[in-house]
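Note sheet for the following structure.
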Amino acid sequence: MKRISLLPLLIVFLSGCNSEDSPSTNSPDSPPSVPPQAVSLADSVKKELELSYSRNEPQLDRTSSLEGKDEDGNGVRDDIDLIIADTNADDAVKKALTQTAKALQDEMKVDWDSLSETEAKDAIRELSSTSVKSHQCMAETLGSGFSRTSKTLQALTFNTKARTLHYLKGNNVADGMAFSIGDHDNACE
């Protein structure tokens with residue numbers, strides 16, 4: 001019967017461990033070392049939206065109206081229009097932000113309580129298609145990380161209890177439904 005020595009295996013295993021006086025690059029107490037990277041466009045636009053919000057926060061519509069004011073009729077609440085316009089983003093980014101804000105605002109126009117189950121599901125499908133298209137436009141315009149910017153717009157749009165509850169009603173209608181995330185040609189309007 002052959003005896004297998006575990007000593008060479010133990011030496012190889014232990015040689016891979018750090019000694020206590022050599023710093024560990026990935027210890028649980030310190031974050032992993034990551035090379036510095038440029039801030040993504042999506043992150044800078046998100047930061048721009050947050051700065052614009054801080055400058056325009058007093059004008060944010062907190063009325064009981066679900067839709068809020070849209071004096072220019074572009075489908076986006078005027079206060080969110082103001083925040084988007086106040087960013088230092090270029091026109092293509094502002095158009096993508098406006099398209100996403102409009103897709104979010106469209107949900108405020110649906111009266112979930114007056115629709116039959118079939119009508120509500122049809123409305124959700126339509127809203128989903130518009131939302132997917134706007135998110136694809138954001139992805140094309142901002143690149144990776146666009147969803148953080150979309151969430152900021154979502155927070156601005158559903159900024160009151162009534163608006164949030166209305167959004168949740170739509171989510172309840174969509175519960176259990178399957179949606180296509182098709183590839184939209186020319187997603188940006």
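The values are calculated or read from the model by the stated rules, or taken from the named source; none is laboratory data. Nothing here was measured: the structure is a model prediction, and the numbers come from that model. Cβ coordinates were reconstructed from backbone atoms using ideal geometry, including for glycine residues, and neighbour counts include every protein chain displayed.
Only residues that are closer than 15 Å to Gln154 by Cα and among the hydroxyl-bearing types (Ser, Thr, Tyr) were counted across segment 63-122, and they come to 2. Looking across segment 99-129, the residues that are farther than 16 Å from Glu67 by Cβ, assigned to a helix (DSSP H, G or I) and of a type outside the set (Lys, Arg) come down to Gln99, Thr100, Glu117, Thr118, Glu119, Ala120, Asp122, Ile124, Glu126, Ser128, Ser129.
All of (1) buried (at least 17 other Cβ atoms within 10 Å of the Cβ); (2) in contact with a Ser or Thr (Cβ under 6 Å, 6 or more places away or on another chain); (3) modelled with pLDDT under 95 hold for Ala103 with one exception: (3). Could you check, for segment 148-158, whether at least one of its residues is free of Cβ contacts under 8 Å to residues at least 40 places away in the same chain and touching a Ser or Thr at 6+ places or on another chain (Cβ under 7 Å)? For segment 148-158, residues free of Cβ contacts under 8 Å to residues at least 40 places away in the same chain and touching a Ser or Thr at 6+ places or on another chain (Cβ under 7 Å): absent.
Find the residue count for segment 152-182, including only residues that are assigned to a helix (DSSP H, G or I) and farther than 19 Å from Gly68 by Cβ. Number of matching residues: 4. Screening Ser128 with (1) in contact with a Gly (Cβ under 9 Å, 6 or more places away or on another chain); (2) surrounded by fewer than 20 Cβ atoms within 10 Å (Cβ to Cβ) gives one miss only, at (1). When the criteria are applied in full, Ala162 fails the requirement of being surrounded by 12 or more Cβ atoms within 10 Å (Cβ to Cβ), more than 14 Å from Lys102 (Cα to Cα) and touching a Lys or Arg at 6+ places or on another chain (Cβ under 9 Å).
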